[in-house]
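The values are calculated or read from the model by the stated rules, or taken from the named source; none is laboratory data. Keep in mind it's a predicted model, so treat the numbers as computed, not measured. Positions of Cβ are backbone-derived with ideal geometry, glycine not excepted, and every protein chain shown enters the neighbour counts. These area figures cover heavy atoms from the full protein model, side chains too; ligands, DNA and RNA do not enter into them. Shrake-Rupley method; radii C 1.70, N 1.55, O 1.52, S 1.80 Å.
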Amino acid sequence: MKLEYIADTLLNEASAPADLRAALNAFAQLCSDVGGVVPDPSFDAWADDSLLNNGVAISPEAAAHCVTDTQRSAVFIRAAHAAITTAKQRFTTSPIEVLYAGCGPFATLLLPLLTKFNPGELVVHFLDIHQRSLDSVALLIGHFDLQGHRISYIQDDACHYQHSSNPHVIIAETMQKSLEQEPQFAVTANLAPQLHARGIFIPQRIEVALCLAKLEAERAALQQGDALDPNALQAAGERHALATVLCLTPEHAATLKQQARQNSHGLLELNPIHVTLPAITDLNTFDAVLFTRIQVFEQHRLLDYESEITLPLRCSGLTPLQAGDHYRASLQIGSYPKFSVTRICDS
Ligand SMILES: C[S@@+](CC[C@H](N)C(=O)[O-])C[C@H]1O[C@@H](n2cnc3c(N)ncnc32)[C@H](O)[C@@H]1O
C-alpha cells in the first residue's frame with residue numbers, strides 16, 4: 001500500500017473499521033521495514049521505557065504499537081489534518097509551523113499527512129525523548145521522499161523543552177487512559193503556553209469523569225455489539241455521573257500546574273475535587289469508574305470505550321461504596337501520574 005492511499009483511507013470518514021485497520025497495519029509494516037523498530041506492546045519489557053520526572057516515556061517499540069489502537073490513530077490523524085488546514089486559513093502569509101511532541105518511531109499522527117501538503121507549506125519539528133525514534137522518523141522521511149518539507153529532529157524532554165518560536169500547531173499524545181503513567185499533563189502545561197496566540201493545540205480538551213457504572217454489564221453489552229450511550233445509561237439509572245475530576249485544556253494547563261500543592265504524602269497534586277456518594281438504590285452493585293473523553297480537535301472526538309486511551313478505569317479507592325461518604329479526588333503529578341482518591345473522615 002502506498003503512503004498516499006493509507007492517508008486517504010484514514011482521512012475518509014466513510015472507511016469501514018476493517019479498512020482503517022488494514023491501512024494502519026500496512027503503515028506499521030512499512031515503517032518497521034524502513035525504520036527498523038518493531039511494534040511490541042512491551043507489557044513485560046520496561047527496559048527501554050524512560051522514567052522521567054513527569055511520567056513514563058514508553059519505549060520506541062511500545063510507542064510503535066500505539067498505531068494499532070485503530071480509532072485513536074484515525075481520529076488523531078483526522079484531527080491533525082483538520083487543525084493544519086484550519087491553521088493554513090488563519091495564517092495565510094507564512095508556512096505552518098508544526099511541533100509534534102512525542103512523535104515515536106513512526107510519527108503516526110503526522111507522517112501520512114505530509115503527503116497531503118506541498119513542500120514549503122509546512123515547517124515540521126519532531127520531538128521525542130528517544131533518539132532511536134527520531135532516527136527511525138528520519139529514515140521514513142527519506143524513504144517516502146518527504147524531505148521537501150522543512151523538517152527538524154529534537155531529542156529532548158517535552159515537559160521542559162523551550163521552542164525557539166511559537167508554533168501554529170502543537171500535537172502531543174503522550175497519554176494512557178485517565179492520564180495515568182505517561183506525562184500528558186506536564187507536556188501540555190509546558191508546551192501549550194509556547195503556542196502561537198491563535199494557534200491550535202491537539203488535543204483540545206481531555207476530560208476525566210468519575211462515575212458510578214456497571215462495568216461488567218457495559219462490557220457484555222459492547223461485546224454483543226450494542227452501542228453504549230452515556231446519556232441513555234444515565235437516564236435509565238444505569239450510570240451516575242459524580243464529578244469531572246479533571247478538565248485538561250491547553251489554555252488552563254499551566255495554571256493548574258502552578259496551583260498544584262503537596263499532599264500529606266509529599267506528592268504534588270492538582271486542586272482536589274470533592275465528591276459525596278449519593279443514596280441510590282443498589283449502590284453496592286455499581287463500580288466507581290474513571291471515564292476519559294478526548295476532544296482532539298472540534299468534532300474529532302474519542303469517547304468511552306472507543307480507544308485504548310478512553311477505556312474506563314476502575315477506581316478502587318471508593319470501595320466499599322457507602323451513601324453519604326465524602327471523598328477527595330485529584331491528579332497526582334510527578335514521576336508516575338495517577339488519580340488519587342481518598343476518603344474524608346467526618347471527624
Ligand atoms: C504514546 S506514544 C505515542 C507515539 C505516537 N505519537 C503515536 O501517537 O503513535 C508517546 C511517545 O511520546 C514520547 N514521550 C513521552 N514522554 C515524553 C517527554 N516527556 N518528552 C519527549 N518525548 C516523550 C515517548 O518516547 C513516545 O515516543
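Kirkwood analysis of the range 209-344, using all unique Cα-Cα pairs, places the hydrodynamic radius at 16.2 Å. Stretching the chain fully between Val34 and Leu268 yields a gain of 80.1 nm (0.36 nm per residue, less the alpha carbon separation). Helix 17-35 and the longest principal axis of the Cα set of the chain meet at an angle near 60°. A straight chain from Thr68 to Leu311 at 0.36 nm per residue would run longer than the Cα-Cα distance by 86.0 nm. By how many degrees, between 0 and 90 and to the nearest 10, does the Cα long axis of helix 131-143 differ from the longest principal axis of the chain? That helix lies at roughly 50 degrees to the long axis.
Heavy atoms of the protein chains alone define the surface here; on that basis the range 209-344 has 51 Å² accessible area per residue at 1.4 Å probe size.
Between the alpha-carbon centres of the range 240-270 and the range 274-308 there is a gap of 17 Å. Classification of the range 1-106 by its C-alpha gyration tensor yields an oblate form. The axis ratio a/c (a ≥ b ≥ c) is 1.5 or more, and b/c is at least a/b. Mean residue ellipticity at 222 nm, helices only, the chain: -8500 deg cm²/dmol; runs of at least 4 DSSP H residues each add -39,500 (n - 2.57), and the sum is divided by the number of residues.
Cross-link partners of Lys177 among lysines, defined as those whose alpha carbon lies under 25 angstrom from its own and excluding same-chain residues fewer than eight positions apart: Lys214, Lys257, Lys338. Structural descriptor for the chain: relative contact order 17 percent, calculated from alpha carbon pairs under 8 angstrom and at least 6 residues apart. Descending by average beta-carbon neighbour count within 10 Å, the peptides 143-149, 286-292, 221-227 line up as 286-292, 143-149, 221-227, the highest first. Take the Cβ atoms of Ala47 and Gln131, set R0 to 22 Å, and the FRET efficiency comes out at 0.85. Rounded to the nearest 10 square angstrom, Arg293 shows an accessible area of 50 square angstrom against a 1.4 Å probe.
With semi-axes defined as the square roots of five times the eigenvalues of the C-alpha gyration tensor, the equivalent ellipsoid of the chain measures 36, 23, 19 Å, largest first. When the accessible area of the chain is computed with all protein chains present and a 1.4 Å probe, what percentage of it is carbon and sulfur? The value for the chain is 49 percent carbon and sulfur by accessible area. The simple spin-label model puts a point 7 Å past each Cα toward its Cβ; for Glu216 and Asp229 those points are separated by 2.7 nm. Each peptide in 245-255, 314-324, 154-164 was scored by the mean count of other Cβ atoms within 10 Å over its residues; highest first, the order is 245-255, 154-164, 314-324.
Scalar couplings 3J(HN,Hα) for the range 296-303, obtained by applying the Karplus form with A = 6.51, B = -1.76, C = 1.60 to θ = phi - 60°, are 6, 7, 6, 7, 8, 10, 10, 10 Hz; x denotes Gly and Pro. Taking label points 7 Å from Cα along the Cα-to-Cβ direction, His160 and Asn12 give a separation of 4.7 nm.
Computed over Cα pairs, the Kirkwood radius of the range 262-311 leads via Stokes-Einstein (1.306 mPa s, 10 °C) to a diffusion coefficient of 110 µm² per second.
Please grab the % of Cα pairs in the range 3-205 that end up more than 20 Å from each other. I get 53 percent for the Cα pairs in the range 3-205 exceeding 20 Å. Once the 1.4 Å probe is applied to the protein heavy atoms, the range 6-153 comes out at 39 Å² accessible per residue.
For the pair Arg343 and Thr86, a Förster radius of 35 Å applied to the C-beta separation gives a FRET efficiency near 0.20, rounded to the nearest 0.05.
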